[in-house]
Amino acid sequence: MPKVAEYLKELSCKVHTFNDDTSKTQRDNINTLVKYHNSKNQDLDVSVHFNAGTKETGGTEDLYYGDGNKALAARVSKAISEALGIKDRGAKKRIDLGFLKGTSKPAILIEVCFVDTKTNADAYKKNFDKCYKAIAETLSGKNLKEEAIPVEKKSVLHKVQVGAFSDEKNAENVALELKKKGYSTVIVYY
């Protein structure tokens with residue numbers, strides 16, 4: 001997720017991001033992701049996903065392969081749970097997932113929430129930024145500084161909307177271009 005990468009960079013972490021926009025099958029996607037991750041020199045591989053399938057309970061969970069990653073996966077799951085106010089399903093060992101067993105470095109796969117559980121989806125939309133700050137802080141072991149924005153009591157803020165996009169990638173691309181030009185951007189999810 002671009003927002004996690006942005007926060008990790010603010011925390012002085014070296015970050016590589018990759019989006020596979022070419023694979024046509026799930027197997028091709030996994031192979032492409034693993035190949036990319038294994039081509040980089042890093043300490044940890046992280047893949048961020050959304051889960052589906054438990055409309056009744058929902059929650060967040062973090063998947064790991066090697067036992068050395070269990071503690072980190074548990075900390076990330078707890079941090080997301082607290083940030084979103086949803087159930088912490090905890091760290092779960094998965095030896096059957098191509099990303100986790102194919103990467104040469106330690107890896108975790110984050111399942112942020114269950115998108116088919118209304119309470120999870122609502123919590124994610126409401127606490128999007130808080131969630132990704134929690135992930136970045138937990139992965140890095142550092143805290144982001146809260147920046148106080150001075151606002152005069154009598155000042156009025158004026159909002160300019162640039163566009164509305166049904167495709168999240170398009171919204172992120174426009175936001176990125178505006179940031180490059182020095183504008184502050186926020187993506188709001190409806």
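When only residues in region 115-134 that are closer than 11 Å to Gly59 by Cα and among the hydrophobic types (A, V, I, L, M, F, W, C) count, which is surrounded by the most Cβ atoms within 10 Å (Cβ to Cβ)?
Ala123
For region 25-53, name all the residues that are acidic (Asp, Glu) and touching a residue at least 24 places away in the same chain (Cβ under 8 Å). Talk me through it step by step, then tell me what you get.
Going residue by residue through region 25-53, those that are acidic (Asp, Glu) are 28, 43, 45.
Once the filter is applied, which keeps residues that are acidic (Asp, Glu) and touching a residue at least 24 places away in the same chain (Cβ under 8 Å), region 25-53 yields Asp43, Asp45.
Mind listing whichever residues of region 50-70 are farther than 19 Å from Lys133 by Cα and not charged (D, E, K, R)? Reasoning before the result, please.
Our first condition is that a residue be farther than 19 Å from Lys133 by Cα; within region 50-70, this holds for 51-58, 63-70.
If the condition is that a residue be farther than 19 Å from Lys133 by Cα and not charged (D, E, K, R), then Asn51, Ala52, Gly53, Thr54, Thr57, Gly58, Leu63, Tyr64, Tyr65, Gly66, Gly68, Asn69 are the ones that fit.
Inside region 1-25, can you point out the residues that are outside any loop (DSSP other than H, G, I, E, B), hydrophobic (A, V, I, L, M, F, W, C) and over 19 Å from Phe50 (Cα atoms)? Steps first, answer last, please.
As a first pass, look at region 1-25 and keep what is outside any loop (DSSP other than H, G, I, E, B): 2-10.
If we keep only those that are hydrophobic (A, V, I, L, M, F, W, C) too, we end up with 4-5, 8.
Answer for region 1-25, where residues must be outside any loop (DSSP other than H, G, I, E, B), hydrophobic (A, V, I, L, M, F, W, C) and over 19 Å from Phe50 (Cα atoms): just Leu8.
For region 31-68, what are the residues that are at pLDDT below 90 and in contact with a Pro (Cβ under 7 Å, 6 or more places away or on another chain)?
Within region 31-68, Gly66, Gly68 meet the criteria.
Going by the conditions given, is Asp28 part of a helix (DSSP H, G or I), more than 15 Å from the chain's Cα centre (by Cα), among the charged types (D, E, K, R) and at pLDDT below 95? Even if it seems obvious, please write down each step before you answer.
Details: part of a helix (DSSP H, G or I): yes; more than 15 Å from the chain's Cα centre (by Cα): yes; among the charged types (D, E, K, R): yes; at pLDDT below 95: yes.
Answer is yes for this residue.
Does at least one position in region 21-44 carry a residue that is of a type in the set (Gly, Ala, Ser) and within 16 Å of Gly102 (Cα to Cα)? I'd like the intermediate steps shown before the answer.
The first filter runs over region 21-44 and keeps only residues of a type in the set (Gly, Ala, Ser), leaving 23, 39.
Narrowing the set further to residues that are within 16 Å of Gly102 (Cα to Cα) leaves 39.
Looking through region 21-44, at least one residue is of a type in the set (Gly, Ala, Ser) and within 16 Å of Gly102 (Cα to Cα).
In region 56-76, what residues are of a type outside the set (D, E, K, R), buried (at least 18 other Cβ atoms within 10 Å of the Cβ) and in contact with a Lys or Arg (Cβ under 7 Å, 6 or more places away or on another chain)?
Hits for region 56-76 are Gly58, Gly59, Thr60, Leu63, Tyr64, Tyr65.
The values are calculated or read from the model by the stated rules, or taken from the named source; none is laboratory data. Since this is a predicted model, take the numbers as computed values, not measurements. Note: ideal-geometry Cβ built from the backbone for every residue, glycine included; neighbour counts use all protein chains shown.
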